[in-house]
1. When the residues of the range 41-95 are narrowed to those that are β-branched (Val, Ile, Thr) and in contact with a Ser or Thr (Cβ under 7 Å, 6 or more places away or on another chain), which ends up nearest to Gly266 (Cα to Cα)?
2. How about the range 232-253: which of its residues are in contact (Cβ under 8 Å) with a residue 40 or more places away in the chain and either under 30 Å from Pro312 (Cβ atoms) or in a strand (DSSP E or B) (or both)?
3. Among the residues of the range 23-66, count how many are part of a helix (DSSP H, G or I), small (Gly, Ala, Ser) and in the same structural domain as Leu262 (by TED's automatic domain parsing).
4. Residue check, Thr170 against (1) in contact with a strand residue (DSSP E or B) (Cβ under 8 Å, 6 or more places away or on another chain); (2) hydroxyl-bearing (Ser, Thr, Tyr); (3) closer than 23 Å to Leu63 by Cα; (4) modelled with pLDDT under 95, all met but one. Which one?
5. Just to be sure before I move on: is Val55 surrounded by 24 or more Cβ atoms within 10 Å (Cβ to Cβ) and without any contact (Cβ under 8 Å) to a residue 60 or more places away in the chain in the structure I sent?
6. Give the number of residues within the range 7-63 that are among the aromatic types (Phe, Trp, Tyr) and either under 15 Å from the mean Cα position of the chain (by Cα) or modelled with pLDDT under 95 (or both).
7. Tell me whether the range 188-201 contains one or more residues that are at pLDDT 95 or above, of a type in the set (A, V, I, L, M, F, W, C) and either in contact with an Asp or Glu (Cβ under 7 Å, 6 or more places away or on another chain) or on the phi < 0 side of the Ramachandran plot (or both).
Amino acid sequence: MTPVQDLRPRPCGGRYGDIVEAIGHTPLVELKRLSPKPGVRIWAKLESFNPTGSVKDRVARSLIEDAEEKGAIRPGMTVLEPTSGNTGIALAMICRRKGYPLKVVMPDNVTPERTQLLEMYGAEIVSSPGDQGSNGAVKMALEMAESDPSYYMPYQYGNEANPNAHYHGTAVEILEDLDGDVAAFVAGLGTGGTLMGNGRRLKEELGDAVKIVAAEPMQGEPVQGLRSLEDGFIPPIIDLSLLDRKIFVTNRDAIIWTRRLLDEEGVFAGVSSGAIARVAVRIANELDEGNVVFLVADDGWKYLSSGIYTRPVDEIENLDSTIWW
């Protein structure tokens, strides 16, 4: 491994003609306290620095601009999308800026912060059964789109504009910041866009020298923002052959490691990022040297009402793992 000798900090900010143009170029921060070995460096890609606070800003921009280029959005149409929160919020901001009405289908048991943010950006919310998770939201949205031609559904689960946002953006930034020296990339298994887009670009540039690793919830474990493929729905954009590993995580993993990110590294992350951090540290333990990069999908502001950031750690450790945060 060629070590990264200097961190080359870049000034924050820049000049943009619109908030949508400010999406991307997020910080890559080393987490020294979590690294298990001197020769292994763990890096967090902090996607909370995007305008609405999550990695889904990249995806939402790509989905809408791709639809505009193809003429898929016509006057009088409403954008419709299933979401567990972040994609809907990002779409709401971008659709408001571009003048498109937006309707989102979302499980009825998400934290209230996400509902409030969607309403703040002017989105209309349709609730799906919370016990069906994001799969229930997808099913309901597909039925709505099939029955009403006035809807345009970008459908992040099956739209190549989703992974392309990472292929042309996130992965390029990682390669540039680490001079092409990446031993492993870890992300959560959700829509599949983050893993597929980054994985494809990193594999093209680095071949088998880089391992693409997915953090996947165990079946029945409701980790916010992630999905188990065993629950019966595999997003069409996912190509499992691109993954080198899938490592199972639990809701308890997500909670405990979200707190570790905050307490040990000062990273105020969303719950899925705790699960991903857990897997990144496991991969780091298996290496003798190299850079392990994991994606912090969002910050913790949308999860404050869950109480996981302020409760005593021993109380968190005893939480029922079936709680939907």
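1. Keep residues of the range 41-95 that are β-branched (Val, Ile, Thr), which gives 42, 52, 55, 59, 64, 73, 78-79, 83, 87, 89, 94.
Those still in the list that are in contact with a Ser or Thr (Cβ under 7 Å, 6 or more places away or on another chain) too: 42, 55, 59, 78, 89.
On the way: Ile42: 15, Val55: 19, Val59: 26, Thr78: 40, Ile89: 25 Å.
Ranking the qualifying residues of the range 41-95, first place goes to Ile42.
2. Within the range 232-253, Lys246, Thr250, Asn251, Arg252 meet the criteria.
3. Residues of the range 23-66 part of a helix (DSSP H, G or I): 32-34, 47-49, 56-66.
Filter once more, keeping what is small (Gly, Ala, Ser): 48, 60, 62.
Cutting the leftovers down to in the same structural domain as Leu262 (by TED's automatic domain parsing) gives us 48.
Of the residues in the range 23-66, 1 are part of a helix (DSSP H, G or I), small (Gly, Ala, Ser) and in the same structural domain as Leu262 (by TED's automatic domain parsing).
4. Of (1) in contact with a strand residue (DSSP E or B) (Cβ under 8 Å, 6 or more places away or on another chain); (2) hydroxyl-bearing (Ser, Thr, Tyr); (3) closer than 23 Å to Leu63 by Cα; (4) modelled with pLDDT under 95, only one is false for Thr170: (4).
5. Here the answer is no, as Val55 does not meet what is asked.
6. Number satisfying all stated conditions: 2.
7. Taking every residue of the range 188-201 in turn, at least one turns out to be at pLDDT 95 or above, of a type in the set (A, V, I, L, M, F, W, C) and either in contact with an Asp or Glu (Cβ under 7 Å, 6 or more places away or on another chain) or on the phi < 0 side of the Ramachandran plot (or both).
Yes/no matrix, rows are residues, columns are (1) aromatic (Phe, Trp, Tyr); (2) over 22 Å from Gly192 (Cα atoms); (3) in the same structural domain as Ile212 (by TED's automatic domain parsing); (4) within 20 Å of the chain's Cα centre (by Cα):
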residue	(1), (2), (3), (4)
Leu80	no, no, no, yes
Thr87	no, no, no, yes
Lys103	no, yes, no, no
Pro112	no, yes, no, yes
Gln116	no, yes, no, yes
Lys139	no, no, no, no
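The values are calculated or read from the model by the stated rules, or taken from the named source; none is laboratory data. Not measured: the values here are computed from a predicted model. A quick note on method: Cβ atoms are made from the backbone with ideal geometry, for glycine too, and the neighbour counts reach across all protein chains shown.
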